[in-house]
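Visitor: Have a look at the structure that comes next, please.
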Amino acid sequence: MLDIQQLRNNLPEVQKRLAFRGYTLDVLAFEKLDSSRRRVQLETEELQAKRNALARQIGQLKAKGEDVSYSMAEVGGLAERLDALEIELKDIQKQMQDFMLTVPNLPHESVPAGCSEADNIEIRRVGEPRIFEFAVQDHVFLGEGLSQIDFASSAKLSGSRFVVLKSQIAKLHRALAQFMLDIHTAEHGYTELYVPYLVNSDSMRGTGQLPKFAEDLFFAPEDNLYLIPTAEVPVTNMLRDEIIPQDLLPLKYVAHTPCFRREAGAAGRDTRGMIRQHQFDKVELVQFVHPEQSYEALEELLKNAESILQRLELPYRVMALCTGDMGFSAAKTYDIEVWLPAQGAYREISSCSNFESFQARRMQARLRNSRGKPELLHTLNGSALAVGRTLVAILENYQNEDGSISIPAVLYRYMGGLKKITQV
């Protein structure tokens, strides 16, 4: 959530920066609400001053033994009006809170301006796509040919956008998550967490999923709980309503969880295979840092995610997202896109974002600074990596002409020494 003082003090600048995102700020609605707030607060202050003056007057009249009934009645009338103003102010503040919760973050000055993914800027490419001497197959053809990816069973169990993995491919999926966790904890300094997969609405609101993306969430109304769309939600909300000593920062966490998304806005997109599913796994990195260090932390987090692809020897590129393609809560985002030979294209496998104080303000997640004063933290997160998409990338990039799949060398020990996935 933005600092409301930014809107009050420099509304045209905020409006301009949000327009770069393709977002039209309802200036009239904001000004109307803020004007109503000022009116109520001003009247409240005037009536409180009048009540205090009457209280002094009543004391003086009593001291003289004079009748105070008229003044007491006037005080009673003021009390009734003040009670009504308090209710009105709470309603205005609730409307203002609801308004502010729908306003996206301001883009950082370094974010390229643009309207869509076509305007994203390529930062670098790492690795060369393999040149195949045979016809390349996609992961669906390969997995079904090995009898180890089963969409028919998942459709019977749950419908579309689910998958059943079997045997060596199921083991490879598990191995990938274990490998990622080991690297991030042993080498990158993250503390591993196991977190709930169901969270309350305050948690979803804290990281920006509510109210904006309610239609993309799986909701259990009887329990008023949501299935998490990413580990970002439970991990980041651990610091909701907390004040952390500055000397404990940065806090760096990693969690492997399933993720659940309705993909309400993705009708007709990536309907084949495992690219876009209702249930998928991710290894998520989350950092809480001092505001002065958050952009340095973003570069570090990005490199942590890239290192997984480098060790797996998968070609990829890093993209700086433009203003019109960033997520609702992000101030700056890098996407990592892995090469998928069957598509002849790079596809997203990680997003690494700095949210600055946007999430922290919603959650009231703070640090206690060197002056002993509470100050909003900056939060960051990134996938390192999306496990299913990493699996897809390995199947396609490491495929052999006979339909088998070679296993990246760094995964041998996680696969019990197995070096190739074959028909079982």
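Visitor: Based on what the data block shows, is V254 out of contact with any Phe, Trp or Tyr (no Cβ under 7 Å at 6 or more places or on another chain), surrounded by 22 or more Cβ atoms within 10 Å (Cβ to Cβ), touching a residue at least 24 places away in the same chain (Cβ under 8 Å) and not hydroxyl-bearing (S, T, Y)?
Guide: no
Visitor: Let me ask something else about it. Mind telling me which of the residues R272, R317 ends up being over 25 Å from A409 (Cα atoms) and either part of a helix (DSSP H, G or I) or touching a residue at least 24 places away in the same chain (Cβ under 8 Å) (or both)?
Guide: R272
Visitor: Another question, then. Quick one: which of L176, L142, L181 is buried (at least 17 other Cβ atoms within 10 Å of the Cβ), in contact with a helix residue (DSSP H, G or I) (Cβ under 9 Å, 6 or more places away or on another chain) and more than 19 Å from Q423 (Cβ to Cβ)?
Guide: Answer to the selection: L176.
Visitor: Among the numbered criteria (1) at negative phi; (2) surrounded by fewer than 24 Cβ atoms within 10 Å (Cβ to Cβ), which single criterion is violated by L385?
Guide: The single condition L385 does not satisfy is (2).
Visitor: So in the range 221-268, with the set limited to residues that are among the acidic types (D, E) and modelled with pLDDT of 95 or more, which one is farthest from L367 (Cα to Cα)?
Guide: E222
Visitor: Related question: Does L385 qualify as being more than 29 Å from Q97 (Cα to Cα), of a type in the set (A, V, I, L, M, F, W, C), assigned to a loop (DSSP other than H, G, I, E, B) and touching a residue at least 24 places away in the same chain (Cβ under 8 Å)?
Guide: No: the conditions fail for L385.
Visitor: Here is a check on your reading of the model: is S329 at pLDDT 95 or above, assigned to a loop (DSSP other than H, G, I, E, B) and either over 24 Å from G114 (Cβ atoms) or of a type in the set (G, A, S) (or both)?
Guide: So S329 passes the test.
Visitor: Here's something else I'd like to know. List pairs: first residue in the range 170-196 and closer than 16 Å to L314 by Cα, second residue at pLDDT below 95 and acidic (D, E) anywhere in the structure, Cβ distance under 8 angstrom, at least six positions apart or on different chains.
Guide: Between residues of the range 170-196 that are closer than 16 Å to L314 by Cα and residues that are at pLDDT below 95 and acidic (D, E), there is no close pair.
Visitor: Quick check on my filter: what residues within the range 156-194 are part of a helix (DSSP H, G or I) and among the polar types (S, T, N, Q)?
Guide: Hits for the range 156-194 are S167, Q168, Q178, T185.
Visitor: Mind telling me which of the residues L239, L210 ends up being of a type in the set (A, V, I, L, M), out of contact with any strand residue (DSSP E or B) (no Cβ under 7 Å at 6 or more places or on another chain), part of a loop (DSSP other than H, G, I, E, B) and assigned by TED's automatic domain parsing to the domain that holds G265?
Guide: Step by step, each of L239, L210 is checked, and only L210 is of a type in the set (A, V, I, L, M), out of contact with any strand residue (DSSP E or B) (no Cβ under 7 Å at 6 or more places or on another chain), part of a loop (DSSP other than H, G, I, E, B) and assigned by TED's automatic domain parsing to the domain that holds G265.
Visitor: Restricting to the range 68-120, and then to whatever is free of Cβ contacts under 8 Å to residues at least 24 places away in the same chain and touching a helix residue (DSSP H, G or I) at 6+ places or on another chain (Cβ under 7 Å), can you tell me which residue is farthest from A360 (Cα to Cα)?
Guide: V68
Visitor: Something else: Just to verify a result, which residue in the range 322-362, among those that are buried (at least 24 other Cβ atoms within 10 Å of the Cβ) and aliphatic (A, V, I, L, M), is nearest to V392 (Cα to Cα)?
Guide: L340
Visitor: Could you give every pair whose Cβ atoms fall below 7 Å, whose first residue belongs to the range 219-231 and is closer than 17 Å to H278 by Cα and of a type in the set (S, T, Y), and whose second residue is at pLDDT 95 or above and in a loop (DSSP other than H, G, I, E, B), counting only separations of at least 6 or pairs across chains?
Guide: Y226/L217; Y226/F218
Visitor: Pick from the range 118-165 the residues that are among the charged types (D, E, K, R) and under 16 Å from R317 (Cβ atoms): which of them is farthest from the chain's Cα centre (by Cα)?
Guide: Only one residue fits best here, namely R130.
Visitor: Would you tally the residues in the range 351-376 being in contact with a helix residue (DSSP H, G or I) (Cβ under 7 Å, 6 or more places away or on another chain) and over 28 Å from M100 (Cα atoms)?
Guide: So the count comes out to 1.
Visitor: Moving on. Check every one of the helices (runs of 4 or more DSSP H) wholly within the range 6-119 and list those with 2 or more residues that are more than 29 Å from P211 (Cβ to Cβ) and not assigned by TED's automatic domain parsing to the domain that holds E356.
Guide: Qualifying helices (runs of 4 or more DSSP H): 27-64, 69-101.
Visitor: Looking at A393, A365, which one is in the same structural domain as L314 (by TED's automatic domain parsing), over 23 Å from V140 (Cα atoms) and touching a Leu at 6+ places or on another chain (Cβ under 7 Å)?
Guide: Checking each option against the conditions leaves just A365.
Visitor: Among residues belonging to the range 184-209 that are among the aromatic types (F, W, Y) and surrounded by fewer than 18 Cβ atoms within 10 Å (Cβ to Cβ), point out the one that is nearest to P258 (Cα to Cα).
Guide: Y197
Visitor: Out of S158, S154, report the one residue that is out of contact with any Ser or Thr (no Cβ under 9 Å at 6 or more places or on another chain), among the polar types (S, T, N, Q), under 28 Å from V392 (Cα atoms) and in the same structural domain as E300 (by TED's automatic domain parsing).
Guide: Answer to the check: S158.
Visitor: What's the total number of residues in the range 388-424 that are surrounded by 13 or more Cβ atoms within 10 Å (Cβ to Cβ), assigned to a helix (DSSP H, G or I) and either in contact (Cβ under 8 Å) with a residue 12 or more places away in the chain or touching an Asp or Glu at 6+ places or on another chain (Cβ under 9 Å) (or both)?
Guide: 14
The values are calculated or read from the model by the stated rules, or taken from the named source; none is laboratory data. In this text the structure is predicted, and so the values were computed from the model without any measurement. For neighbour counting, all protein chains shown are included, and Cβ atoms are generated from backbone atoms with ideal geometry for every residue, glycine included.
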